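Undergrad: Sending over a structure as C-alpha cells; questions will come in a sec.
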Amino acid sequence: MMASEERLHRTVRLSTPHTLAALLCLAACGACSCGGGVAQPPSRAERPALLFADVSAAAGLDTVQLGGDPGVDHIIESLGAGGAWLDHDLDGDADLYLAQGAVPSAPYDGPPDVLWRNEGDLDGDGVPRFRDVTREAGLGDTLWSVGVAVADYDGDGDPDIYLTNWGPNRLYRNNGDGTFTDVARAAGVDDPAWGTSAAWSDTDLDGDLDLYVANYIVFEFGRYPSRGATDAARDPACRWRGVEVFCGPRGLEAAPDRFFRNDGDPDGDGIPSFVEVAAEVGLQVEEARYGLAVSFVDLDDDGDDDLYVANDGQANTYFANAGGRFEESATLAGLAYDEQGHEQAGMGVATGDYNGDGRVDLLVTNFSHDHDTLYRNDGDMLFTDDSFPAGLGTPSWLKLGWGVRFVDLDQDGREDVVSAYGHVFPQVDERKTGTRFRQRNGLYQNLGDGTFADVAESAGAGLALAKSSRALLPVDIDLDGDLDLLVTNFNDTPDLLRNDGAPGNWLQVRLVGKRGNRDALGARVTLTAGGTTQFREVRRGTGYAGSTLPVAHFGLGRAGRVERIEVRWPAGRTSELRDVAVNQLLMLREE
C-alpha cells in the first residue's frame with residue numbers, strides 16, 4: 001500500500017469524551033513533531049504568497065464541457081456545466097465526474113458526461129493522471145446536464161451521484177464494483193424540471209439523507225424568443241446595457257424547487273424511497289424563484305441543518321430548520337438583499353467563518369456591475385452586509401461570479417476566498433460595457449483583521465487564465481495536505497490548478513458516521529491549535545453545480561501540534577481528541 005493510501009486508511013474510533021483516554025496515543029501517532037512553541041500568524045507584510053500552477057493538460061483532463069452555441073442565443077445556454085470529486089472506487093484518491101450540456105440543434109443528445117479515474121502520480125512529477133472510465137462504469141448521460149451532487153445516499157459506504165438536467169434528473173447508485181446504475185425513477189427523484197444545483201442533508205436527523213434540488217426556469221425551445229428574434233427586439237428582458245442578448249430570466253416562468261425526504265427502503269430492494277414534501281415541511285415560497293445555488297448550513301448553531309438558496313435576480317431564501325420543519329427567514333435575518341435593500345442576482349454561495357468569531361458567515365456571488373455580497377454573522381440570527389469594508393465589494397464589481405468557496409489556501413489558519421468568474425453574454429465584448437465574457441477568477445487572501453487582499457494577479461499562471469468559468473471544486477489532488485482547485489468552464493476544458501504556495505502545517509479530518517449518513521454530512525469539527533480555535537462543517541456540496549470530498553481541512557500555520565479536536569456529530573453527540581499530530585489525514589469513526 002502506498003504511503004498516501006496508508007494515511008487515508010488510518011482510522012480512530014470516537015466515543016464520548018470520558019472513554020477516550022486509551023485512544024489518545026493512537027490519535028497522536030505520526031512522524032511530525034508535537035508540542036513546542038507556536039508562532040503567531042504572519043503579519044500582513046509577511047503573509048505567505050499564494051501560487052497556483054495549471055496542470056490540466058499534464059493530468060489529461062481534455063474534456064470540453066459543452067454549454068451551448070458560442071453565441072448563447074437562449075438562456076439555457078448560459079449556465080454551463082459543473083462536476084464533482086468523489087472516490088468512486090474507494091482506492092484512496094479523488095476521481096472526477098464532469099457534467100455535459102448540449103446545443104439547441106440537439107438539445108436531448110449532447111456529449112456524454114464523463115467519469116475520470118485518478119490513476120495516481122505515474123511519473124513522480126506531482127501531477128496525477130486521469131483515465132476516462134465512463135463506459136465501463138455504466139455512465140454517460142446525454143441530456144442537457146448542469147449540476148452534480150454526490151453523497152452515499154444508501155449508506156453502503158460508497159459515493160453515489162445525483163445529476164441535475166434539463167429533463168429527468170439521474171440518481172446513479174454506486175454498485176461497489178466500479179459501476180453505477182440509474183435508480184432515479186425507482187427512488188422517486190427523477191424530477192423533470194430544469195435543475196441547477198442540488199444538495200444532500202439529514203434535515204430531520206432520522207439517520208438518512210434527504211435531497212434538495214434547485215430549479216431554474218420552465219423552459220422549452222420556442223416558448224420564449226431567441227436572441228435577435230423580431231419579437232425580442234424591444235423587450236427589455238432581451239437587452240442588457242444597450243446590448244442585444246438572450247431573453248431572461250425576468251419575465252420567464254420560474255420552476256419551483258423540490259425537496260425529497262428519504263423514507264428509507266420499505267421494499268428491501270436497496271433503493272430508498274423518496275417523497276417530495278417541500279410544501280409540507282415549509283421549504284416552498286409563495287411564488288417560485290430562479291434557484292441557482294444551494295447550501296445546507298447550520299447558521300444558528302443548533303445542531304440541525306438550515307438551507308440557503310441563491311436566486312437569480314430575486315431575493316435569496318433562507319430556511320431556518322426547527323426539528324425537520326422550516327421557516328423562510330431571509331428578510332428577518334438580513335440575508336435576502338444587499339445593504340441597500342436591493343435584490344441581486346445570486347449565482348453561487350459559500351459558507352465559512354472568515355473573521356474567526358465562531359459563527360458561520362455567508363458569501364454570495366452575483367451578476368456583473370454589482371458586488372459579491374459578504375454577510376457577516378452578528379449572532380442572534382442577524383447578518384450585516386460587510387462586502388465593501390471587508391475588501392470584496394470593489395474587486396468583484398465588474399465580475400460575474402459563480403462558484404465560490406471559503407478555503408484556507410495558504411495554511412495560515414484563516415479562510416481565504418476563491419471565486420469562479422465568467423459572463424453569460426458573449427456580446428459584452430462587442431461594446432464598452434466595462435466587463436468581458438472571459439474573465440480571470442478571483443483570489444482574496446484573508447488578512448486576519450476581517451479584511452481580504454485581492455491577490456489573483458500575483459498568484460501564478462493558474463490564476464492568469466481567462467475563461468468563462470462556472471463551478472469551483474477544491475480538493476487535495478496531490479495528497480500533499482493543501483487544497484488545489486478544479487474550475488469548470490463554458491465550452492472549454494476544465495482547469496486543474498495545483499497549489500504550490502502553502503508552506504504551513506495542516507490537518508485534514510474525515511468522519512465516518514453511523515447508519516445512513518456515513519459521511520457525517522452536517523457534522524461540525526472544532527480544532528484548537530496554538531491557542532486559536534477554528535471550525536469546519538462537513539459538506540460535499542460546493543454551492544453551485546458541484547460537489548467535493550467530505551473532508552474538513554484546517555491550515556495550522558507553524559503550530560506543531562493540535563491541542564484539541566471536538567466533533568459534534570449530526571445527531572448531536574460530541575466526541576473529542578487531544579494532542580494530535582499535525583500534517584496528517586485523520587479518519588474518525590462514530591461509535
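Undergrad: Look through the stretch 264-298, keep the residues that are hydroxyl-bearing (S, T, Y) and crowded, with 19+ Cβ neighbours inside 10 Å, and return whichever of them is farthest from G155 (Cα to Cα).
TA: Here the answer is Y290.
Undergrad: So, one more: Could you list all residues from the stretch 68-86 that are more than 17 Å from D113 (Cα to Cα) and in contact (Cβ under 8 Å) with a residue 40 or more places away in the chain?
TA: P70, G71, V72, D73, H74, I75, I76, S78
Undergrad: Mind checking which residues of the stretch 302-314 are buried (at least 20 other Cβ atoms within 10 Å of the Cβ) and in contact with an Asp or Glu (Cβ under 9 Å, 6 or more places away or on another chain)?
TA: D304, D305, D306, V309, N311, Q314
Undergrad: Considering only the stretch 338-359, how many residues are crowded, with 16+ Cβ neighbours inside 10 Å and touching an Asp or Glu at 6+ places or on another chain (Cβ under 8 Å)?
TA: Total satisfying the criteria: 11.
Undergrad: So is L507 assigned to a strand (DSSP E or B), more than 30 Å from R436 (Cβ to Cβ) and without any contact (Cβ under 8 Å) to a residue 40 or more places away in the chain or not?
TA: Spelling it out, it is not the case that L507 is assigned to a strand (DSSP E or B), more than 30 Å from R436 (Cβ to Cβ) and without any contact (Cβ under 8 Å) to a residue 40 or more places away in the chain.
Undergrad: Got at least one residue in the stretch 324-337 being open to solvent by 70 Å² or more (accessible area, probe 1.4 Å) and among the acidic types (D, E)?
TA: yes
Undergrad: Please work out which residue is farthest from P107 (Cα to Cα), limiting yourself to the stretch 25-79 and to residues that are at pLDDT 95 or above and among the polar types (S, T, N, Q).
TA: S56
Undergrad: Restricting to the stretch 285-299, name every residue that is under 12 Å from L335 (Cβ atoms) and touching an Asp or Glu at 6+ places or on another chain (Cβ under 8 Å).
TA: Correct list: V297, L299.
Undergrad: If a residue must be more than 22 Å from D484 (Cα to Cα) and either open to solvent by less than 10 Å² (accessible area, probe 1.4 Å) or touching a residue at least 12 places away in the same chain (Cβ under 8 Å) (or both), how many such residues does the stretch 401-448 contain?
TA: Total satisfying the criteria: 13.
Undergrad: Only one of these conditions is not met by A502: (1) at pLDDT 95 or above; (2) open to solvent by less than 30 Å² (accessible area, probe 1.4 Å). Which number is it?
TA: (1)
Undergrad: In the stretch 173-202, which residue that is part of a strand (DSSP E or B) and under 19 Å from the mean Cα position of the chain (by Cα) is surrounded by the most Cβ atoms within 10 Å (Cβ to Cβ)?
TA: This residue is S197.
Undergrad: Taking A350 and the conditions (1) out of contact with any Lys or Arg (no Cβ under 8 Å at 6 or more places or on another chain); (2) not in a loop (DSSP other than H, G, I, E, B), which numbered condition does it fall short on, given that it satisfies the others?
TA: (1)
The values are calculated or read from the model by the stated rules, or taken from the named source; none is laboratory data. From a predicted model like this one, the values you see are computed outputs, not experimental measurements. Neighbour counts run over all protein chains shown; Cβ positions are idealised from the backbone, glycine included. For accessibility, only protein heavy atoms count, side chains too; no ligands or nucleic acids. Shrake-Rupley method; radii C 1.70, N 1.55, O 1.52, S 1.80 Å.
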